[in-house]
Each structure stands twice: as C-alpha cells, then as structure tokens.
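Right, one structure below, let's go through it.
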Amino acid sequence: MDAAQFKAAVFCWRDLLYRLALRLLNHSAEAEDAVQQTMMKLWQKKEALNEIENLKSFVIKTLQNDCLNRLKKEQTISRHHVAFGKMQDSTTQILTGNMLAIIKNEINKLPEKQKIIIQLCDMESFEIKEIAEIVEMEEGAVRTNLSRARKKIKIQIMKLQAYEERKL
C-alpha cells in the first residue's frame, strides 16, 4: 500500500476517529494525539492492511484500544477527574437551555462499552452489525447495551426535568 492508497483507505476516517477519541478521552489534545498515534501505527503496518477484510472496523478498533490504554495511565485518569470536577452542574445547564451539553455529559458517565456503542450508533450512524464487529460483541449484546445506555440517559434527563419543575 503506497501513500495515496493509505490516504484513500485509512486517512479518510481521521475525523470519525477524532470524534470517537474525543468521546472516550474527553480531552481534545489527547484525542488528537490518539488519532495521530493510531495513524502512525497503521502506516507502519501499511503492507499488512491489504490483507484485512474489514479495514474500517480494524482502524476503529485500533483507535479504541489506544484510547483505552491511555485511560489506564495514571496521569490521564487524574486529568479526567479534574475535568469532571470543572463540569457545570446539570441543573445550571437546564436553566441555560443547553440540552445537548446535558446529553453529552450523561453519555460521558456511561460505562466504556455503552459510551462507544452509543457514539458509533447515534452520532456516527453505524449499523448494529458494524458496531458488533468493532466492539467484538454479538449483535444482540450491542442492541442491549445501546438500549440500556439510551434508557440511562433518558432517566437522568427526566429526573433533571422533574427536579426543575419542582423548583419552579
């Protein structure tokens, strides 16, 4: 695989990878680093990429693994705790009408698998079958995790709305 083929086959997914990394890492610079690291790893293995049946799934899985490894490091974990502490209170966000920020905040609270699944399905419009390949789960398990993630978010939003209605 030469540079032009690599650019057409792998590099074209850079924006998708960045969005997924940002969702997992909650830090834009860290997400950029993860995407760059993933691209470098894939470039080093460019000859073997021709052999891979589902290249898109492989690229996303490579990024996901890199992100999860980054989350395991002590520095990244402590940086995330500081970032979460600085987040606005959800009720303040409701008062300002920032429902999108509330939803993103609730997505960030989900377990890693559910966070990845909801990102790929609802924000990146992947099919359940593709997501199952990426996260290495059965399609039924993906559907179950997606349903549970959506339900958790819905319940939290309903709780916040009920709380706000009581305050009025």
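Quick look at the numbers
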read-out	value
All lysines inside 17 Å of residue 104 as judged from Cα atoms, apart from same-chain residues fewer than 8 positions distant	86, 113, 115, 151, 152, 154, 159
Peptide ranges 41-49, 143-151 listed from the most packed, as the mean C-beta count within 10 angstrom indicates	143-151, 41-49
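Coordinate-derived values only; no laboratory data. Note that the structure is predicted; figures quoted are calculated from it, not measured. We place every Cβ from the backbone using ideal geometry, glycine too, and count neighbours over all the protein chains shown.
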